[in-house]
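K.L.:
Below are the structure tokens for one structure; questions will follow.
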């Protein structure tokens with residue numbers, strides 16, 4: 001067999017391989033699933049921006065949140081958010097520049113809307129996303145009041161929560177600019 005013949009076969013085989021790959025990539029896919037309609041996706045679109053855009057209807061106060069906390073949170077986060085067995089939620093202000101930092105909602109978190117978003121998505125641990133919007137607003141109000149960030153009598157809702165200024169708001173460098181909507 002000549003070298004020219006071997007080279008021709010190699011080029012032909014390579015061409016067929018490329019053609020086969022391009023045909024494979026041109027296929028529409030395995031035919032799994034269907035496109036989802038916007039109204040079907042809406043219940044899953046629960047993202048909240050730092051400025052509060054995307055917050056749902058509802059409201060809550062620290063007094064109401066204290067009751068929800070006692071019923072659904074104290075077993076994991078301790079009395080008044082003191083921690084044990086899980087994360088401490090209250091205190092720690094002024095410790096971020098120390099070796100023994102105490103990272104809590106009041107000392108570390110940059111946005112109040114993130115507190116709401118996290119509670120709504122992930123708490124309580126044993127049954128996430130089981131709280132009503134009013135319960136989440138109330139828990140957020142309770143934790144912010146316990147950290148001295150809002151007055152105990154304040155009512156949090158979609159209009160007021162985004163305006164809460166967290167103590168460590170300027171403690172982060174944003175990798176991406178914030179949306180203004």
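K.L.:
Mind listing just one residue for me: the one in the stretch 137-181 that is within 17 Å of the chain's Cα centre (by Cα) and assigned to a helix (DSSP H, G or I) and, of those, surrounded by the fewest Cβ atoms within 10 Å (Cβ to Cβ)?
P.N.:
Among those that are within 17 Å of the chain's Cα centre (by Cα) and assigned to a helix (DSSP H, G or I), it is 162.
K.L.:
Could you identify the single residue in 90, 102, 68 that is part of a loop (DSSP other than H, G, I, E, B), within 23 Å of the chain's Cα centre (by Cα), crowded, with 16+ Cβ neighbours inside 10 Å and touching a residue at least 24 places away in the same chain (Cβ under 8 Å)?
P.N.:
Going through 90, 102, 68 in turn, just one is part of a loop (DSSP other than H, G, I, E, B), within 23 Å of the chain's Cα centre (by Cα), crowded, with 16+ Cβ neighbours inside 10 Å and touching a residue at least 24 places away in the same chain (Cβ under 8 Å): 90.
K.L.:
Check the stretch 11-24 and report whether any residue there is outside any loop (DSSP other than H, G, I, E, B), at pLDDT 85 or above, out of contact with any helix residue (DSSP H, G or I) (no Cβ under 6 Å at 6 or more places or on another chain) and exposed (fewer than 10 other Cβ atoms within 10 Å of the Cβ).
P.N.:
No, that holds for no residue.
K.L.:
Among residues belonging to the stretch 123-136 that are under 21 Å from residue 157 (Cβ atoms) and modelled with pLDDT of 95 or more, point out the one that is surrounded by the fewest Cβ atoms within 10 Å (Cβ to Cβ). Before the answer, list the steps.
P.N.:
From the stretch 123-136, those under 21 Å from residue 157 (Cβ atoms) are 123, 129-136; that's our starting set.
Within this subset, residues satisfying the condition of being modelled with pLDDT of 95 or more are 123, 130-136.
Details: 123: 20, 130: 10, 131: 19, 132: 13, 133: 17, 134: 18, 135: 22, 136: 26.
This residue is 130.
The values are calculated or read from the model by the stated rules, or taken from the named source; none is laboratory data. These numbers come from a predicted model, not from an experiment. Ideal geometry is used to build each Cβ from the backbone, glycine not excepted, and the neighbour counts take in all protein chains shown.
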